[in-house]
Each structure stands twice: as C-alpha cells, then as structure tokens.
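*Asks:* Please read through the structure below; I'll follow up with questions.
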Amino acid sequence: MRAFYLDRPPRLFEQPPKLEDSKHFERLAIYPRATLQGGLRTKGLFKHSVPNQPLVSVIMATLNSQQFLEATLQSILDQSYGNLELLVIDGGSNDSTLQILQTYANKIDYFMSLKDKGIAQAFNRGVRLAFGDYINFQGDSDGFVAPNALQEVMAGVQGEMLISARVVRVDEQGDVLYTSDYLKNFDKNLLRFKMIHHQGLLTHRDYFSIYGLFDEDLIFSMDYEHLLRCFHNFPAFVSKVEVLARWRADGLGTDKELEIFKEWAQIKARHQIAPALVLKAIEKWILAKFYLKKALKWIKH
C-alpha cells in the first residue's frame, strides 16, 4: 500500500481545520490587522490533513523580495507532494513584491503584508496562521530544489518531531557552493558546533506548543535558538539523505559572520549546552576556522 496518495490533488475545504487549543496558536485563518492580504483562504478555501498524508505548511518571510520571489514561489507550488499549504508573510514591501503575490493569489493559500520587527516576528505570524502538521521555513530567495523534493523527504514520516533534509548552498547567480552533510548518525552534540538550516528542516507543530515561538529579539539565529531549547531533552529526529532546498547567499547575514558567531555564543550560553569553558573553546575554534578559511580564500585570489 502506498504511504501517500500523491496522485490526488490537494483537497480544499470551506472551513478551516479544527486544532487542539494551544497558547501558541491563535487559530486565525487570516490576519485581521494586515494592510494587504489575499490567497485561497480569503476566498474561504482551506487545506486539511488527510489520512496518511500530513499537511505541510511552508512559511516564507518577504521584504522587497522581487528579484527571486517568483522563482521561489514556483519551486514550492510545483511540488508533487499532495498536501501542502503556502503562507507568505510580508513585512511591508515597497517594490513589486506585493504585485507578484497578487499574481499568484489563486495558488498561494494565504499572503499578508504588515510591517514587522524582522524575520522572527514574520515567522511567528506564519506559525500562528499555519494549519500544517509540519512547518517548514523558506527564505524569499531559497525554495525547493526539484518538484519531487518534498515528496521524497516526507516518505515514511510517522509523526517524528523533527525531520532534517540536506540543503544546497548557492551564490546569488545560483551556482552551487556546497551541499550540507547527511546527518546519518545524528548526535545532538553536533549542535554545539553548527546549526541545522531551516530550509531543510520540517518541524512538527507540537514542537511549537511545547517550546514556544521564535525569539523576536534575535536578528540572525532565531531558528538556532529555537532548536537549542530542546537540547537537554532532544525529541525524535529523522535525518534524510535527500536534498530538499536551496539556501542562497544573499540574505540578512551576508558578510556578517562575526555578528552571527557572537549571537551563536550568547544563545549557546543561554541554554547551557556545555560547560562555560567548553563553549569558550568551541567559540575560539569556530573563529579560528573562519579566519583560516578567509586567509586561504585571499591567497587563492
């Protein structure tokens, strides 16, 4: 028997799904304070979970995203996985981003525009609106690598809390820089040294009910901090060899590695994922590796 009914189109319902109560989910079908909104939900059409096919909510934060937005949207809308909802949370764009979103109003489940404090707040708004069993976050210039990518990653998923697939790092022109490692024998202690990229991570909605929403005071690494909250009681984790998404080198953290490393250090200390002296040594090792890589790059050029 097939695990997923991929030959069936997504089912649309005239009522939003009923979800268990949780202080982290406001049960909103649309965002009442949005200055602009659109999509299938505004027409009374909703996606639901169906037997053997969890609903996946893909949340994208945008702000003046016209350069890559359409390609990113298309990579998500082209997915063969049969039960996906797309939510786009815009922070008040003043370029052609909103016009592009309106062009896709009959395909996007919901989009809204309202000024925000940053990516973390945009993601939190999306989580509150999401009806999915699993939630995935994409940047406005990222997206899925192939139409069957999500289908392959969701194959065999049985309610695990965290599903991690690989991502491919690309430059602004789309040329591949590297592909992330397959975390075959994942050990949570790996998180002391590196993060898991949110583009390749699918998080069960129960995680948000247990650990809350993203810290809106963080600038770069709200997803890393959110993951470290479970470090001392790590939940069921599945690592997939498949590459799910691309991660484009044009985001908020471009050329701000030292600021990111500083934020990482503060986050790791906050959650006490290792003794203070060990964390200090890890911080120095990360900085040394960064400067060595920079020096080698300079020598080559």
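*Asks:* By how many nm would the segment from Lys194 to Val50 lengthen if fully extended, with 0.36 nm per residue of separation less the alpha-carbon distance?
*Replies:* 48.3 nm
*Asks:* Can you give the FRET efficiency to the nearest 0.05 for Lys115 and Phe261, using r as the Cβ-Cβ distance and R₀ = 25 Å?
*Replies:* For R0 = 25 Å, the calculated efficiency reads 0.30.
*Asks:* In percent, how large is the relative contact order of the chain, given Cα pairs closer than 8 Å and 6 or more residues apart? Write down the numbers at each step before the final one.
*Replies:* Values: 558 pairs, mean separation 56.9, N = 301.
Rounded, it is 19 percent for the chain.
*Asks:* In Å, what Kirkwood hydrodynamic radius results for the stretch 36-251 from the alpha-carbon pair distances?
*Replies:* That comes to 17.4 Å for the stretch 36-251.
*Asks:* What do you get for the angle between helix 276-300 and the principal long axis of the chain? Use alpha-carbon atoms, 0 to 90 degrees, nearest ten.
*Replies:* 90 degrees
*Asks:* With runs of 4+ DSSP H residues as the only contributors, calculate the mean residue ellipticity of the chain at 222 nm using -39,500 (n - 2.57) per run, divided by the residue total and rounded to the nearest 500.
*Replies:* That calculation yields -8500 deg cm²/dmol at 222 nm.
*Asks:* Rounded to the nearest percent, how much of the accessible area of the chain (1.4 Å probe, protein heavy atoms only) is carbon and sulfur?
*Replies:* Result for the chain: 53 percent of the exposed heavy-atom area is carbon or sulfur.
*Asks:* Averaging sequence separations of C-alpha pairs under 8 Å and six or more residues apart, then dividing by the length of the stretch 59-119, give the relative contact order as a whole percent. Please report the intermediate quantities before stating the final value.
*Replies:* Details: 80 pairs, mean separation 26.1, N = 61.
Relative contact order of the stretch 59-119: 43 percent.
*Asks:* To continue, here is another question. Compute log10 of I(q)/I(0) for the stretch 178-301 with the Debye formula, placing one identical point scatterer on every Cα and leaving out solvent, at q = 0.10 Å⁻¹, to two decimals.
*Replies:* Per q value, in the given order, log10 I(q)/I(0) is -0.35.
*Asks:* Among DSSP bridges having both ends in the chain, what percentage is antiparallel? Round to the nearest 5. Numbers along the way, then the final one.
*Replies:* Details: 15 of 40 bridges.
Within the chain, antiparallel bridges account for around 40 percent of the total.
*Asks:* Could I ask something else about it? For the chain, which span is the longest to avoid every loop-located (per DSSP) member of GluC sites (Glu not before Pro) having at most 13 other Cβ atoms inside 10 Å? Could you put the intermediate results ahead of the total?
*Replies:* Details: sites that count: Glu14, Glu20, Glu26, Glu172.
The longest such stretch corresponds to 27-171.
*Asks:* With no solvent and one point per C-alpha, what does the Debye sum give as log10 I(q)/I(0) for the stretch 255-300 at q = 0.17, 0.23, 0.28 Å⁻¹?
*Replies:* Scattering profile of the stretch 255-300, log10 relative to I(0): -0.53, -0.80, -1.00.
*Asks:* Where the eigenvalues come from the Cα gyration tensor of the stretch 144-205, what are the semi-axes √(5λ) of the equivalent ellipsoid, largest first, in whole Å?
*Replies:* The three semi-axes for the stretch 144-205 are 21, 18, 9 Å.
*Asks:* Taking a spot 7 Å from the Cα of Ser209 along the direction of its beta carbon, which residues of the stretch 112-138 have an amide N less than 18 Å from it?
*Replies:* What the label zone holds, given the 18 Å backbone N cut-off, is 127-136.
*Asks:* Enter the Cα centre distance for the pair the stretch 203-282 and the stretch 125-155, rounded to the nearest angstrom.
*Replies:* One Cα centre to the other: 18 Å.
*Asks:* May I pose another question? Please work out how much length the chain gains when fully extended from Asp78 to Tyr178, using 0.36 nm per residue of separation minus the C-alpha to C-alpha distance, in nm with one decimal. Show your work: numbers first, answer last.
*Replies:* Numbers: separation 100, 0.36 × 100 = 36.00 nm, distance 2.41 nm.
This chain segment gains 33.6 nm when fully extended.
*Asks:* How far, in degrees from 0 to 90, does helix 257-271 lean away from the longest principal axis of the Cα atoms of the chain, to the nearest 10?
*Replies:* 80 degrees
*Asks:* Also, quick follow-up: In nm, give the distance between the simple-model label positions of Ala276 and Asp187, each being 7 Å from the Cα along the Cα-to-Cβ direction.
*Replies:* Each label point lies 7 Å from its Cα, and together they span 2.6 nm.
*Asks:* What percent do you get for the relative contact order of the stretch 165-301 when only Cα pairs under 8 Å and 6+ apart count?
*Replies:* 33 percent
*Asks:* Based on alpha-carbon atoms only, what is the radius of gyration of the stretch 61-170 relative to the globular estimate 2.2 N^0.38 Å?
*Replies:* In units of the globular-protein estimate, the stretch 61-170 measures up at 1.06.
*Asks:* Now, a different point. Are there trypsin sites (Lys or Arg not before Pro) in the stretch 102-186 that DSSP marks as loop and that have at most 14 other Cβ atoms within 10 Å, and which are they?
*Replies:* Lys107, Lys115, Lys117, Lys184
The values are calculated or read from the model by the stated rules, or taken from the named source; none is laboratory data. The model shown is predicted, which means the values in this text are computed figures rather than measured ones. Quick reminder, even Gly has a Cβ in these numbers, built from the backbone with ideal geometry, and neighbours come from all protein chains shown. All accessible areas refer to the heavy atoms of the entire protein, side chains included, with ligands and DNA or RNA removed. Shrake-Rupley method; radii C 1.70, N 1.55, O 1.52, S 1.80 Å.
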